[in-house]
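The values are calculated or read from the model by the stated rules, or taken from the named source; none is laboratory data. All values derive from a computational prediction rather than experimental measurement. Here the Cβ positions follow ideal geometry from the backbone for every residue, glycine too, while neighbour counts run over all protein chains shown. Note: areas computed on protein heavy atoms with side chains; ligands, DNA, RNA excluded. Shrake-Rupley method; radii C 1.70, N 1.55, O 1.52, S 1.80 Å.
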Amino acid sequence: MAHGTFGWNELMTSNIEASKDFYKRVAGWTYQDMPMGDMGPYTLAFVAGNPVPVAGLMPWPETQPGSNDWFAYINVDNMDAATEAATGAGGTVVREKFFIENTGWIAIVKDSANTMIGFLEPAPM
């Protein structure tokens, strides 16, 4: 996954079952739930014939910012360099980097136009 390309898309939804049904009907997605402890399951979406998930869906309270929206992540080669570049370009690191097993490092950034975006430094395969 090349630096600067979109690497992941995630739907934060207040109605996971309705969202799953919609994308199943529209895009033909199938799903696999992964446990996330107290947050409930994280759902991976798949396209027929492709073993690599195309997106993630997660339950998110309707009262929380970002609810019922898609959130994108940009691949970065080096998380520290990317967050430093973001702040140098007038952005703000909203959530410092954190590690997700079998995924990699993630940070949430607000760009200079106040738009939220995620950075993803994928874990080595």
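Summarising the amide proton neighbourhood of W29: residues at separation of 5 or more, or on other chains, whose placed amide H is nearer than 5 Å comprise K24. Here the Karplus curve 6.51 cos²θ - 1.76 cosθ + 1.60, taken at θ = phi - 60°, turns the phi angles of segment 120-125 into couplings of 10, 9, x, 5, x, 8 Hz, with x standing for Gly and Pro. Computed over protein heavy atoms with a 1.4 Å probe, the accessible surface of segment 34-114 works out to 60 Å² per residue. The HN-Hα couplings worked out from phi for segment 90-105 by the Karplus form 6.51 cos²θ - 1.76 cosθ + 1.60 (θ = phi - 60°) are x, x, 9, 7, 7, 9, 4, 4, 9, 9, 10, 3, 6, 10, x, 8 Hz, whole numbers, x standing for Gly and Pro.
For the chain, place one equal point scatterer on every Cα, skip the solvent, and apply the Debye formula. What is log10 of I(q)/I(0) at q = 0.10, 0.21 Å⁻¹? Log10 I(q)/I(0), no solvent term: -0.33, -1.30. Within a straight-line Cα-Cα reach of under 30 Å, K110 can be paired with the following lysines, leaving aside sequence neighbours fewer than 8 residues apart in one chain: K20, K97.
Carbon and sulfur atoms: what percent of the 1.4 Å accessible area of the chain do they account for?
56
Scoring 105-115, 22-32 by mean Cβ neighbours within 10 Å over their residues and listing the highest first yields 105-115, 22-32. Cβ under 13 Å from H3's Cβ, H3 left aside: what net charge do those residues give with Lys, Arg +1 and Asp, Glu -1? Charge balance near H3 sits at -2. How many angstrom lie between the Cα centre of segment 64-125 and the Cα centre of segment 1-16? After rounding, the separation between the Cα centres reads 11 Å.
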